[in-house]
Every structure is written in C-alpha cells, then in structure tokens.
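These notes concern the structure reproduced below.
Read-outs throughout are calculated quantities, based only on the coordinates presented, and are distinct from any laboratory measurement. Computed from a predicted structure; not experimentally measured. Cβ placement follows ideal geometry from the backbone for every residue including glycine, while neighbour counts extend to all protein chains displayed.
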Amino acid sequence: MSTETLPADTGPTPSGTGGSRTPPKRVEGGVMSKPRGIVVTVIVALLALLWLFPLLWALINSFREYDYTQANGYLSFGGWTTSNYEEAWTRGNFGLHLKNSLMVTIPAVLLTLWLSSMVGFVLARFSYRFNLIMLGVFLAANLLPPQALLIPVFRMFREIPLPLFMSDSGSMLNSFWALILVNTAFQMGFCTFVLSNYMKTLPHEIYESAELDGASVWRQYWQLTMPLVRPALAALATLQFTWIYNEFFWATVLIQQGDKLPITSALNNLRGQFFTDTNLVAAGSIIVALPVLIVFFLLQKQFVSGLTLGSTKG
Amino acid sequence: MSLSRSSAVPRSALVTMAASRRSVLRGLALSGLAVGGANLLAACGGDDSGPSSGSGATVKFGMNEVEGAGPAYDRLKAMADAYAKDTGTDVKINSVEHNTFQESINTYLQGSPDDVFTWFAGFRMAQFAENGLITDLSDVWPIDGMSDSFKEASTAPDGKQYFVPKDYYPWAVFYRKSVFDENGWAPPETKDDFMSLMDEMQGKGVTPFAFGDKDGWPAMGTFDILNMRLNGYDFHMSLMAGEEKWDGDEVKLVFDTWRTLLPYHQADPLGRTWQEAATAMGKGECGMYLLGTFVADAVADVADDLDFFTFPELDASIGADALDAPIDGFCVAAGGQNQEAAKAMIKWLGSAEAADIANDNADVPFIAANSGASTSTYNALQKKSAEVVGAAANIAQFMDRDTNADFANTVMIPSIQDFLKNPDDIDGVTASIQEQANSIFG
C-alpha cells in the first residue's frame, strides 16, 4: 500500500493548523507560551517548506521550456511557457486515461467502504467468538505485500472467464473489473479496522433503544450506524481515493492494453525511448496530481475531524 | 518482476536439456494459455473471428509506441493502416508506451497478448522462443530482401526463426565534421592514430570523449565495443550467453583498457545523462561521442554537421569488423488468437514495401532491415549507417539485448557504475560480476 505517496498533502495541513492556531488561545502559562509559539511556528514553517519544495520546484519547471532549462540549467530564471501543459494533455492522452482512472477508482472506493462498513458493523456490534480472529485476519492481510501475490492473482485472473460484453479479452485480465476487485480486496483490511474501531465508540445505549423500538439488524446498520460514522467514511473516502487513484502496481500488471491504462501509467507516455523532457513530465505530474488535491480540499474538513475522532479511541 | 524468473535459466542450460522432462513441463506451464487458446479455436472453427486470414480477418497488433511519441509511432501506424487497407484485414492496434511495454512483456505474453507485436532481436527474443511464448516463424522465412545476417539475428538457438526484422541503428563514434575540419583531424584507423588523436584533442583543451552513464545503460555500449575489439565477436557473444568467465583475463583486459581510456572521457559520468553528454559534444567541448544514431535527436541544431566512424581497431589480429547495431522488429505471440493471419501480416511487415510506406509517412525515416527498401528518404547519417552495417562482418545487439535481462539490469548496470566510480578495483568488480553471473546463469 502506498501510504506515503502524497506526503505533502497530508503532512503540512494538520501540523500547520495545529501550530498556528494553538498559541493565540493560550497566551500565558500553557505549554505554548509566546516565545515557544514562535519557535514552533518557525520549525513547522521550515518543515512545511521542506515538504513542499519538490512540489513547488516541479510546478515552476513545468512552466518552463525544456530548451531553455537545458541551455541555462535549472537554477536559471526564464523561458516561461504553458505549452508543456497543452502538450502533456494531448500527448499523454490524459482525457481517456483520466476516465479510466475514475472508472476504477470510484466503484472501488464505494465498494470498499460499503463492504468494510458491513464487516466493521458486525465486528463492533456483536460479540461472536470469531470476532477477534476475524479482525486479526483483516489486519494481517493488510501487512501482506501485494508483490507476493502477483503471480497467484495474475494466474487466477487469467483463468476466470468473463463474457465479452464485460471484457473484450474474454478473461479478467485487461478489464476494469479486475482492478476494481483487486483494489477493493487490498484496501478492505485497513478500512475494516478503522471503521470497526470507530463504531465501537458509538454509545451502546443507542442500539438498546433501537432494539426496543423494533429496528432490525439491517436498519440498525443502514439507518443508525451509517449516518453516525459519516466523518470516518468521509476521511476514509479521501484516503482511499488517493491510494487507489495513485495505484500503479496492479494496473501495470493486470492491464496490457494501452487504451485501458489508468492515468498514473499514462504519465509514462511522456517519456521517450531514449529521451525524456523532464519539464513536460513535471507538467504531466501536476495534471495527474490535481484530482487528488481537489478531492482532498473538498473533503478536508471531514478528513481532519475524522483523524482526531479516530485518535481519541486509542 | 518475479515472473521473469523463468527467463533466468541460461540459454546454454536450456539447449542442453531441451528435451528433459523439466523443461517440457515448464514449457507446458508457460504455454498453458496458448494450448487452451488453440483448442478453443479448433473447437469453434474461428466462427466469431471471421476468416483466419485475408479479407475480413482480424489481427491484433501490439506496438511499443504511443501516439505523440514521434516518428516511431507514425511509421508503425502507417504500416498497420496500409496493411489493413490493402488486404481488407481488420487490424486492431494496441499501443503502449515503449518502456511500459517492455517492462510488462512477461505478463503481456502470458496474459492475453496481441497476435503480432513489436519486439527486439537477440537474447530478448530467444528467451521467449525457449519458453514457447512466441510462434515459430520458419515458414515465413525466407523474406525477399532480408540478408543472411538478419536471418541469423532472427533465429533462436533451436535453429528456427521467431522474428521478422524491421529496422536497426548502429552504435559508432560520432563527431562534428566542422570541428574535425577546423583542427585538421581525421577519423582514426589504427590504435596509434586513435591514441595520438585523443592526445592532440587534450592538448587543445578539448575532452576527447563525451561520456554520461546516469541511466546505467549507455556505458554498456563502451564495454561491448571494447570487448569486441579486444577479444573478438565470438568471445563477446559467448560471454553474453554466460559461457565464458567474467573474472577471466579477457574481461580484465577490457576493464584495464577502459581504465587507461577513462582520462580521455568526461569526468564523473555517473552524474550526467547521455543528453547532457551529447550537448557537450554539440557545443564542441568534447570531440567525440560513442553512442547510437539517436544521438542526433539530442543535438538537433547541429545534426547536419554530425558524422561518425566505427570504433578503430585495438588489436590488429582482431580488427574492427564487428559493431553493435540493435535490430527492432516483430514477433507473433503464441497466445495470440489468430496465428495464420498474424503470420500473413508479419511477412508483409518485413517486406520492402512496408518499410517504404513507413518511411514515406513519417518525418524521420528508419534504416530498413530489408535491402530492397528505398533509401531516398534517408539522411546522410542513415545512408552511411546502412553502408557501415552492411560492411560489418558481425553484428551484436547491445548488451541489454544480447544477454539475460536480469543480468544486464541488476548486475551489469551497477557493476559498470562501480567500476566508473573506482576504476582501480578491477579484480573486485570482475569477481563480483562472476559471482552474480553464477547464480543467474547457473
């Protein structure tokens, strides 16, 4: 799993808000006295800069001509252009590949959240004997490197026939179904763990009254639990969207048809056989990173509150 | 990728145990899909795929170039379109980026491959032939206009052809004509000429050789040519096949000669890409550059001023008649659905007509493998390339195509880089290569 893929997105925001917001509230006495507050701000700002530097560097160079930077070096200033973006979009065929990515990511995120919320609900609400083992199995699967399963999964998918209207290759290989299923399977362990822990924090009394009012198990799940875990779902949706969208490994193994590759692999289209225009690749990377940033900023509030809510359980 | 473990079995071992039970079983396991696919075809008589060849047939064509990648894509696309138009065959193109295609070739061939796909000659082709992943094309050969040396390059160790060449490009020593003219320099013929030329360049403050090995593979070209000049083509090829010792005197001699030549190269090559090295030659800071003809792409503004000569002889008893000239072309996947139509198409792809169509429809032509192809679109460098390769007695494919891919990428790249970092520890480098070669070639 690629938990570290976009450190700059998750890194600065919690520390930034925590660092700058705390000092004014406790002007005197507290851990964050004024001089300490300044020190913390400086350190946090430095760390944020350190995280952001590579991104900003790529952003700046994505607006410069390759010929100019090749002649004058990357420390120079000038050669501004937006042609890299136009060329990256058309040459990388990003429209098509972005559509592919969304066709894999959105169903996979929904499926993961739905299935793992059901598992989490059962694990949190009922005390069967296998509960702990079950949770352990989900967690253990989380530790399994996907590379170790490469050959079994590949061979299995090759043998599973699909009707031609679902996959024009006639098997799971080269179909979006394969990617959706694989991503769902690999992300479920983590989601189940988070969601079941979160559901355990819901007061038991609510379920007792629901029981008294005659709510079925399904209703307790769908109409009672699901609305209450919305913050956790939103936080997970953000994370899962990022991870599955950024997923590269399974996409390159299971998809061999150029027009079905997701956008992360389409970034390779900007490389040449012998020659790579790094400024063009920088522009392409920025385009590819945009959807994740948009999703993150839209769901940011839920993401941060989801983090803190999860953490109080311990 | 761990699937490529199967290709870690050396060619020599495979040849000697070709008929043994283990290899038969492995072949079965690997070509499981191929067998299944063939049965399926036999069972349904190809009803759903129309005629098996000619008008109305469907051929899936996998190409390792994507739209926008430049002339390489335009040429392949033009060939596919022309074939579809002429024969009425439905050609379904699957275009994948060059490096991605190459890196996922193992899963591609064992998954649901296209019928015809672009590939390379040499060990890279032979290892798939051994594993039964590509189709025997000996009934497609001979192809009009393909010389014996191309036929040989298309032949796997079992003596059958599995490949149809499309084009090639030579590795040679490039230089700027104007720079050489200004200084009264001439391409060297003998070792003495060569050494005195380099000394003179240094005397004038010009670094004789541009050199960059940040990506790992460019320095393989230097190793190849030194080995072929010092130990001969035959030794080079058996060394690549894992049949000679890497810590023997021959290889040590190569590294030792390289060490004496290093002062004539740009210093600190590990921090420089080949593009940057080429730019240094383009600016006249360096006199020469040993690279493939693609060097012209990086110095487009002085490309007309470029010329080249083959690396001079270093040992008079061996001469200078061998060089690296990687050949690109096509294979038919054993897992493809329509073998007959695939063979019909691949035969056409090897023809002079196909090469002409490709070259007429792209900004930059390739050097066609077929000798019947028109050379009218060639630029001066390409015309000379065709002459030089035609005159060469032996053609190697370049290290990462001539030997096991695992060995080339995981052993040779870091080893050569270690050598360039510390040229004095030749014994250490060669011993370490041999140790790793033992585990890869068995």
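Overview of results
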{"read-out": "Two-decimal Rg to Rh for the protein assembly as shown - Kirkwood Rh, Cα set", "value": "1.02"}
{"read-out": "Relative contact order (percent, whole number), chain B, Cα cutoff 8 Å, 6+ residue spacing", "value": "27 percent"}
{"read-out": "Rel. contact order, % - alpha carbon contacts under 8 angstrom, at least six apart, region B:181-287", "value": "43 percent"}
{"read-out": "Point-to-point label distance, B:PHE294-A:TRP57, nm (Cα→Cβ direction, 7 Å offset)", "value": "2.6 nm"}
{"read-out": "Electrostatic dipole magnitude of the protein assembly as shown [Cβ: Lys, Arg +1; Asp, Glu -1; Cα centre; debye, to 20]", "value": "4120 debye"}
{"read-out": "Under-5 Å amide H pairs with B:ALA396, H placed in peptide plane, nonlocal only", "value": "B:LEU323, B:ASP324, B:ALA325"}
{"read-out": "Cleavage-rule hits, trypsin sites (Lys or Arg not before Pro), region B:152-216, DSSP coil, Cβ neighbours within 10 Å at most 12", "value": "B:LYS204"}
{"read-out": "Fully extended contour minus Cα-Cα distance, from B:ASP234 to B:LYS92, at 0.36 nm per residue", "value": "47.0 nm"}
{"read-out": "Label-point separation in nm, B:ASN422 to A:THR82, each point 7 Å along Cα→Cβ", "value": "5.3 nm"}
{"read-out": "Computed helical MRE - 222 nm, chain A, DSSP H runs ≥ 4 contributing -39500 (n - 2.57), nearest 500", "value": "-22000 deg cm²/dmol"}
{"read-out": "Residue among A:TYR74, A:TYR198, A:TYR245 with the largest mean-square fluctuation in a Gaussian network model of chain A, springs linking Cα atoms under 10 Å", "value": "A:TYR74"}
{"read-out": "Neighbourhood charge, 9 Å Cβ-Cβ cut-off, centred on B:LEU306 and excluding it, Lys, Arg +1 and Asp, Glu -1", "value": "-1"}
{"read-out": "Stretch gain in nm, segment A:THR201-A:TRP222, where the contour uses 0.36 nm per residue and the Cα spacing is subtracted", "value": "5.8 nm"}
{"read-out": "Residue pairs, from the table B:LYS60/B:LYS160; B:LYS60/B:LYS151; A:LYS260/B:LYS343; B:LYS283/B:LYS383; B:LYS60/B:LYS214; A:LYS99/B:LYS343, whose Cα atoms sit over 28 Å apart", "value": "B:LYS60/B:LYS214; A:LYS99/B:LYS343"}
{"read-out": "Most mobile listed residue (B:GLU182, B:GLU65, B:GLU353) in chain B, GNM with C-alpha springs under 10 Å", "value": "B:GLU182"}
{"read-out": "Estimated inter-spin distance, B:GLU67 and B:LYS214, nm [label 7 Å along Cα→Cβ]", "value": "3.2 nm"}
{"read-out": "Choice from A:LEU212, A:LEU56, A:LEU46 with maximal GNM fluctuation in chain A (Cα, 10 Å cutoff)", "value": "A:LEU212"}
